[in-house]
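Have a look at the structure below before the remarks.
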Amino acid sequence: MTETPTPAERARTIATRGGKATLMPSAEGAGKVVPLTHHVHADGVASVLIAQSNPFVAAAWAAPRGELAAMLELADTAPVPLREPVRGLLWFTGWVRALSDDEARRAAMLVAEERPDPRLLDVGHGATMLQVIPASLVLADAEGTHSLSLEDFTAATPDPFCAYEADWLRHLELAHTDVVSMLGRHLPDELRGGHIRPLGLDRFGLRLRVEAADADHDVRLAFEQPVATTAELANELRRLVGCPFLAETRRQH
């Protein structure tokens, strides 16, 4: 069986990348909120920056103990333009906590240390910071749907290449179409006529999306062994492409 990152690792990777966030109150009739920016901390708590005039802020303050039941959705979107761009969804279900002005400023400084964003300067000046305290997490991606405990999520580590994956895949798509075509030799015969696109990268392998006339098909090309450095990654990618120089080097050893 092909080895893949665990559900908790995949969830932690999505949270680390950021992605598109949507805050959805549990109250019936309440509208969705797209934060100005957001950040998931190592303990699973998420800080979300939203406009101070948004009714959600007043609703949080009016809720008992200043906590409003809600769900935060993070969408993991492919870095290249695809027909179906969402690769996974991560849902944090719990409570949104209203923060005092001082708490909001402290929270903004903590976020700025890990994810600098000029919009954080608007805290107290038209924007405010809220916190999402998770009680449960659910991940849905190509591997299936998984319910995660907060303990599993916080104990997991994001993929070592998650910060670079987007730039690498975009570069592969735009500057190395020949390489993408050569990767097609690993596809099943019935998929080789489709449009091959780079979909994802992690320490266990490379994922391709084949956009065919009938549907989209995702294929994982596994590495011979998990990689942890860019040098190891480069060797595995050369092996997948079929680099003659790499094959000769292995014969010599």
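The values are calculated or read from the model by the stated rules, or taken from the named source; none is laboratory data. Because the structure is a prediction, the values reported are computed rather than measured. Don't worry about glycine lacking a Cβ; one is built from the backbone with ideal geometry, like all the others, and counts go over all protein chains shown. Remember, those area values only see protein heavy atoms, side chains included, never the ligands or the DNA or RNA. Shrake-Rupley method; radii C 1.70, N 1.55, O 1.52, S 1.80 Å.
Please verify whether Asp214 is under 20 Å from Arg87 (Cα atoms), within 23 Å of the chain's Cα centre (by Cα), open to solvent by 50 Å² or more (accessible area, probe 1.4 Å) and charged (D, E, K, R), treating the condition exactly as stated. Show your work before the answer.
Details: under 20 Å from Arg87 (Cα atoms): yes; within 23 Å of the chain's Cα centre (by Cα): no; open to solvent by 50 Å² or more (accessible area, probe 1.4 Å): yes; charged (D, E, K, R): yes.
When the stated conditions are applied, Asp214 does not pass them.
Closer than 30 Å to Ile196 by Cα and free of Cβ contacts under 8 Å to residues at least 60 places away in the same chain: does that describe His125?
Details: closer than 30 Å to Ile196 by Cα: no; free of Cβ contacts under 8 Å to residues at least 60 places away in the same chain: yes.
So His125 fails the test.
If only one of Pro134, Pro198 is closer than 30 Å to Asp214 by Cα, in contact (Cβ under 8 Å) with a residue 24 or more places away in the chain and within 21 Å of the chain's Cα centre (by Cα), which one is it? Spell out the reasoning first.
On the way: Pro134 fails: closer than 30 Å to Asp214 by Cα.
Only one candidate passes the filter, namely Pro198.
Please enumerate the residues belonging to segment 226-238 that are within 27 Å of Arg192 (Cβ to Cβ) and either part of a helix (DSSP H, G or I) or open to solvent by 60 Å² or more (accessible area, probe 1.4 Å) (or both).
Those that are within 27 Å of Arg192 (Cβ to Cβ) and either part of a helix (DSSP H, G or I) or open to solvent by 60 Å² or more (accessible area, probe 1.4 Å) (or both): Leu233, Ala234, Asn235, Glu236, Leu237, Arg238.
Looking at segment 45-84 only, could you name the residues that are within 24 Å of Gly200 (Cα to Cα) and either among the basic types (Lys, Arg) or touching a helix residue (DSSP H, G or I) at 6+ places or on another chain (Cβ under 6 Å) (or both)? Walk me through it before giving the result.
Step one: filter segment 45-84 for residues within 24 Å of Gly200 (Cα to Cα), giving 72-84.
Correct list: Leu74, Asp76, Pro79, Val80, Arg83.
Please enumerate the residues belonging to segment 133-183 that are part of a loop (DSSP other than H, G, I, E, B), surrounded by 14 or more Cβ atoms within 10 Å (Cβ to Cβ) and among the hydrophobic types (A, V, I, L, M, F, W, C).
Scanning segment 133-183 gives Ala142, Ala156, Phe161, Cys162.
How many residues does segment 184-211 contain that are outside any strand (DSSP E or B) and either in contact with an Asp or Glu (Cβ under 6 Å, 6 or more places away or on another chain) or open to solvent by 20 Å² or more (accessible area, probe 1.4 Å) (or both)?
Going through segment 184-211, the residues outside any strand (DSSP E or B) turn out to be 184-194, 203-204.
From what's left, either in contact with an Asp or Glu (Cβ under 6 Å, 6 or more places away or on another chain) or open to solvent by 20 Å² or more (accessible area, probe 1.4 Å) (or both): 185-186, 188-194, 203-204.
The number of residues fulfilling the criteria is 11.
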